[in-house]
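Here's the structure we're looking at; comments come further down.
Computed from the coordinates by the stated procedures, all read-outs in this text should not be read as laboratory data. Here the structure is a predicted model, which is why all the values come from computation and not from measurement. Virtual Cβ from ideal backbone geometry, glycine too; neighbours counted across all protein chains shown.
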Amino acid sequence: MQMYFIALVLPPHLNEKVLKYKNMMLEKYNCKVGLKSPAHITLVPPFWMAEEKEEQLINDISSLSNELSSFHIATNNFSVFKPRTIFIAPEANDELNKAKKEIDVFFKNNSFYNIKIDSRPFHPHITIATRDLYKKSFYEIWPWFAERKFIEKWTAEGISLLRHNKKNWDVIYTSQFKNL
């Protein structure tokens, strides 16, 4: 069994900008969890799956992508899930919500992968620091982030499948949306 998740991975130039904040959190607060994956918006949270199913999952992600069009994502600020997570918040986005819904419907109707769909409302975010950010450190650093903006815009061009290598998350496949 391998651990996977499905996401929209940010373009490399934006990943580099996000990485600066993640590295700052590592240096100041020893926060490492955020550094284990590229900057992304999670569509399907981590799940375990037999590696033999990986090729079929890649094919299905490709098929799902052929049903979706590329769309713009914009951010302008930082936000939080108190008291342990700091993230970059995408602006409200109907196309992103549609992509999430299409993916959820697919996996809800496809028991082959045995992926449990998250019952919580979709709250897209790009994590800077999370589980290893202690409450005391959170309250110390949050005012600094709250004063800053992260104003960016990019085009989501496909869905990525990431696999855990026992240390970090590797992008093993990225699909292309139909209009690219």
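Computed quantities for the displayed model
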| read-out | value |
| --- | --- |
| Cross-link pairs Lys28/Lys166; Lys17/Lys98; Lys20/Lys153; Lys32/Lys153; Lys32/Lys82 - those with Cα-Cα distance over 20 Å | Lys28/Lys166; Lys17/Lys98; Lys32/Lys153 |
| Least to most buried among Thr130, Thr155, Thr42, Thr75 (fewest other Cβ within 10 Å first) | Thr155, Thr130, Thr42, Thr75 |
| Charge-dipole axis of the chain as Lys and Arg at +1 and Asp and Glu at -1 on Cβ define it, positive-most pick from Asn77, Phe47, Ile117 | Asn77 |
| Order of Arg148, Arg163 under a 10 Å beta carbon neighbour criterion, fewest first | Arg148, Arg163 |
| Degrees, to the nearest 10: 54-65 long Cα axis against longest axis of the chain | 80 degrees |
| Contour excess over end-to-end distance, with Cα ends at Lys82 and Gln2 and 0.36 nm allotted per residue | 25.8 nm |
| Ranked Tyr134, Tyr113, Tyr21, criterion: other C-beta atoms within 10 Å, fewest first | Tyr134, Tyr113, Tyr21 |
| Charge context of Ala39, other residues only, Cβ under 14 angstrom, K/R +1, D/E -1 | +2 |
| Alpha carbon centroid spacing (whole Å) that separates region 12-45 from region 101-180 | 11 Å |
